[in-house]
Amino acid sequence: MTSRLAPDDPRRLPVDHPGFKFHETRNPYYAKIRDLADGGAALDHDAEERRGKWRDLFRARAPGLPAQLRLVVEVGCNGGHLLNGWAEREPGTAFVGVDWKYKQIFLAADKARKKGLANALYVRNHADRIDYLFGEGEVDRLAVYFPDPWPKKSQWKNRTVREDWFRKAARVVRPGGELHIKTDHAGYFDWMEGHLGRCGELWETLELTRDLHAGHPSPLALEIPDVTLFERLFIRDGLPIHSMLLRRR
Ligand SMILES: C[S@@+](CC[C@H](N)C(=O)[O-])C[C@H]1O[C@@H](n2cnc3c(N)ncnc32)[C@H](O)[C@@H]1O
């Protein structure tokens, strides 16, 4: 298929290139997110304006939040099922969900608004731009749950969690902070382990398991937000959950 982009269009640049430019789309949820009156979700470069200022933004929205505010980020948050659940459970922690799907981000922010969750904000952007969204050491905990596995070899180039992404994640997670990854896909997990092995100076492995719920008496009874939306489906399908918990050195 030929690209409709002009030869000099900056969108031809890789998405994580500093010169890459997002553009307005005809997706109806683009305008819905842009026009959200409460600023509960932000788009593309607008979201990147918040880099390094997330805690100030949360405090402006909810002055009651603690001075030492923990910032938790989920990349690939989908419709915010997990993150809104966490935000409800931990009202003194700030949560940011990132996903590239406009509709899911709108729905996530809309749910947070309806539940009155001032400590949950959403971003429509790309996982590869994590270091444009968050400043150095700004994040306490970063979660990536069930990233698309891109199972065919020809698709591996699309996988999010690879060596350069582990390095980007290490820029945004503070020393002592954590990165938690879960997947049902054994091949992707092996791939991640290989890539992690090349940046061991950045990440210490705290836990690594290929069957996270093996010791649980009744994994089928686990509910969101103890598990994610997709995790619940995979548990029902009898698939073991692979998980790695890493600490930033
Ligand atoms: C399989 S779903 C998992 C959703 C959720 N984490 C869960 O466990 O229920 C993967 C999510 O990642 C999002 N996603 C995939 N690639 C992405 C990327 N490069 N940047 C941002 N989001 C991405 C998808 O839109 C989708 O919402």
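Pairwise alpha-carbon distances in the range 102-159 exceed 12 Å for 76% of all pairs.
Over the range 1-148, the hull volume per residue, using the convex hull of the C-alpha atoms, is 115 Å³. Each of LEU142, ALA31, TYR188 was placed along the dipole of the range 25-248 (beta-carbon charges, centred on the mean Cα), and the one lying farthest toward the positive end is ALA31.
Per-residue packing, averaged as other Cβ atoms within 10 Å, sorts the ranges 123-129, 140-146, 111-117 into the order 123-129, 140-146, 111-117, beginning with the highest. All Cα-Cα separations within the range 135-201 were binned at 10 Å from zero, giving a P(r) of 21, 53, 24, 3, each value a whole percent of the pairs. Globularity index of the range 115-249 is 1.08 (Cα radius of gyration / 2.2 N^0.38 Å, N = number of residues). Remark: the LEU206-GLU136 segment gains 23.0 nm on full extension, using 0.36 nm per residue and subtracting the alpha carbon distance. Pairwise Cα distances in the range 25-248 exceed 24 Å for 43 percent of all pairs. Secondary structure note: in the range 25-248, about 35% of the DSSP beta bridges are antiparallel. Near the amide H of VAL73, within less than 5 Å, lie the amide hydrogens of VAL96, ARG141, LEU142, ALA143, all on another chain or at least 5 residues away, with H placed in the peptide plane.
Name all residues of the range 182-202 having a backbone nitrogen under 20 Å from the label point set 7 Å from the Cα of ASP148 along its Cα→Cβ direction, giving them as ranges. What the label zone holds, given the 20 Å backbone N cut-off, is 182-192.
Here, each number is a calculation from the coordinates, and none is a lab measurement. Owing to the predicted nature of the structure, the values given are computational and were not obtained by experimental measurement. Note that each Cβ is placed from the backbone with ideal geometry, even for glycine, and that neighbours are counted across all protein chains shown.
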